[in-house]
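Data first, discussion second: the structure below is written as structure tokens.
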Amino acid sequence: MTDVADSSSIRRLSEWDAAELRTLTEEYGSPLYVLDLERVRQNYRRLVAAFPDADVLYAVKANALGDVLSTLREAGAGLECASAGEVKRALEAGASGSEIHYTAVNPPAGDLDWIVDAWGDHPALTVTAGSADTIDRLADRGYDGRLCLRVNPGIGAGHHEKVRTGAAAKFGVPAERAVDVLEDAADRGFDVVGIHAHVGSGVSSDQLDAHREFVARMGDLARDVAGAVGDLEFVDVGGGFGVPYREDEEPLVLESVADAIRDALGAVDARLTIEPGRYVVADAGVLLTEVNTVKDARETTVVGVDAGMTTLIRPAMYDAYHPIRNLAADAAASSGEGGRETVPQTVAGPICESGDVFCADRELPVSERGDILAIGNAGAYGYEMANQYNSRPRPASVVRGDGDVRLARRRETVADVTRPEREARRISAADRKTDDPRASDSDNDLVR
Ligand SMILES: *Cc1c(COP(=O)(O)O)cnc(C)c1O
């Protein structure tokens, strides 16, 4: 929402236009996700500039909104998908098979059925398998197309234990078994095109040594595989590039990360592929939420807001820090009314869980009922991880791009939450040839 930060490596929460954001909650209600598609495009372009010789696939799971996918696709990005649903969205956004990688992690049967079916129409699709079982299950379905092997390099990094995938046994074939598995796949007629690993998410500058070590192992493995089954088309070192969430944290210097990756990889006769998710969308999004309760508790002031862990789960799930700004206080300060005093505040949501807080005892300008708070860096793993716990409908999303702002996804209602139950009643009533008044779709439609 600013014209300043065109190509800078981070857009801070303070740079968003407070008045414009507040107008959006007046028009679209609260809580509200706001995503700036122009910033998404800029982040992608900065990655391409730093990695000119690499293929950049956007990891869809960071933010799968159709507008994000079409924006990135038009800018030239490929799409890395974690489920059949994401592949469906990628195709709907206009991606061709050759622009899509599907990464299968313990894939449900329905996902594999759907993918193999889609492969019939899009034979250039690439499937990344993380176990020999997955390869067998693909073969059972007649798939012998482009295959990439996800390996477990035994090194993890990232912002939280739960996202350090690189060493977690769950992900990938142990690197020392990769050559055997790929030889076997090649013998069975698969088109072996690449190897893949993802070290973890939110890798920061101080973890770059672990990241370099990980890339070096991928380079060694690529040379081993090339010796055994022939040259690979690409070596995919995953995503994980971190962004600064704290106001005083410095952004990664992409060019040095890129240099380090090229150095560590060494000479391989294959293209480098990267799969950033968070980096592309995190600072392009904010979550707006309205203060409805201000309570003096014993040791802190509790500020109750209408967004919670169902809207943005990262603080509850990963103890993640997100910057928070009081837009009303900023407006008062800039209109000459003078700034508000700051006091320690605990910003908490409406969910009946003690973990449902966005921050604890953080110094913020005094909050008043009706104020709008902006929560920064909410573009990645925000709406994607939202859920309906406490029968709480998911929020609306608006996008900003090409000079206008529009609703990209309407706010859910309680009727959206309960619809599968009503449909189930309708189905059972039809089976029994009776009427069930509770199967009506008209109740609740206006309840948020
Ligand atoms: C989640 C994920 C990514 C993206 O991670 P970011 O930290 O968002 O960059 C890339 N590749 C795979 C396989 C993933 O699971």
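The values are calculated or read from the model by the stated rules, or taken from the named source; none is laboratory data. What you are looking at is a predicted structure, and each value in this text was computed from that prediction instead of being measured. Here Cβ is always computed from backbone atoms with ideal geometry, including for glycine, and neighbour counts include all displayed protein chains.
Given the criterion within 13 Å of the ligand (Cβ to nearest atom) and within 25 Å of L47 (Cα to Cα), identify the matching residue among E92, E80.
Criteria check complete, one pass: E80.
Among the candidates G200, G242, G172, the residue that is out of contact with any Leu (no Cβ under 9 Å at 6 or more places or on another chain) and assigned by TED's automatic domain parsing to the domain that holds L138 is uniquely G200.
Can I274 be described as in contact with a helix residue (DSSP H, G or I) (Cβ under 6 Å, 6 or more places away or on another chain) and aliphatic (A, V, I, L, M)? No: the conditions fail for I274. Applying the condition of being of a type in the set (A, V, I, L, M, F, W, C) and not in a helix (DSSP H, G or I) to the range 404-437 and asking which residue is farthest from E27 (Cα to Cα) yields A408. If the condition is being assigned to a helix (DSSP H, G or I) and surrounded by fewer than 18 Cβ atoms within 10 Å (Cβ to Cβ), then the range 94-110 contributes S98, A109, G110. Note on the range 357-392: residues that are over 16 Å from V294 (Cα atoms), more than 16 Å from the ligand (Cβ to nearest atom) and not small (G, A, S) total 6. The lone criterion from (1) buried (at least 24 other Cβ atoms within 10 Å of the Cβ); (2) under 14 Å from V151 (Cα atoms) left unmet by V181 is number (1).
For the range 293-316, a residue qualifies if it is more than 16 Å from the ligand (Cβ to nearest atom) and crowded, with 24+ Cβ neighbours inside 10 Å, and the qualifying residues are V303, V305, A307, G308, M309, T310, T311. When residues in the range 269-292 are screened for being within 16 Å of the ligand (Cβ to nearest atom), aliphatic (A, V, I, L, M) and in a strand (DSSP E or B), 2 of them pass. Of the listed requirements (1) assigned to a helix (DSSP H, G or I); (2) out of contact with any Asp or Glu (no Cβ under 8 Å at 6 or more places or on another chain); (3) modelled with pLDDT of 95 or more, V398 misses just one: (1). For the range 137-173, the set of residues classified as among the hydrophobic types (A, V, I, L, M, F, W, C) and not in a loop (DSSP other than H, G, I, E, B) consists of L138, A139, L147, C148, L149, V151, V163, A167, V173, listed by residue number.
Criterion applied to G110, G94 was being on the phi > 0 side of the Ramachandran plot, touching a residue at least 24 places away in the same chain (Cβ under 8 Å) and of a type in the set (G, A, S), and the one residue passing it is G94. Take the residues in the range 211-232 that are basic (K, R) and out of contact with any helix residue (DSSP H, G or I) (no Cβ under 6 Å at 6 or more places or on another chain), then tell me which one is surrounded by the most Cβ atoms within 10 Å (Cβ to Cβ). Among those residues, the one meeting the criterion is R217. Of the strands (runs of 3 or more DSSP E) lying entirely inside the range 11-85, the ones with 1 or more residues being within 23 Å of P251 (Cα to Cα) are found at 32-36, 54-59.
Looking for something more than 20 Å from D136 (Cα to Cα) and either of a type in the set (S, T, N, Q) or in contact (Cβ under 8 Å) with a residue 24 or more places away in the chain (or both) - is there at least one such residue anywhere in the range 166-181? Looking for residues that are more than 20 Å from D136 (Cα to Cα) and either of a type in the set (S, T, N, Q) or in contact (Cβ under 8 Å) with a residue 24 or more places away in the chain (or both), one finds at least one in the range 166-181, hence yes. Filter the range 371-395 down to the residues that are acidic (D, E) and over 17 Å from A408 (Cα atoms) and list them by number. If the condition is that a residue be acidic (D, E) and over 17 Å from A408 (Cα atoms), then D371 is the only one that fits. Just name the residue that is nearest to the ligand (Cβ to nearest atom) out of those in the range 96-119 that are farther than 23 Å from N152 by Cα and of a type in the set (S, T, N, Q). The extreme case among them is S98.
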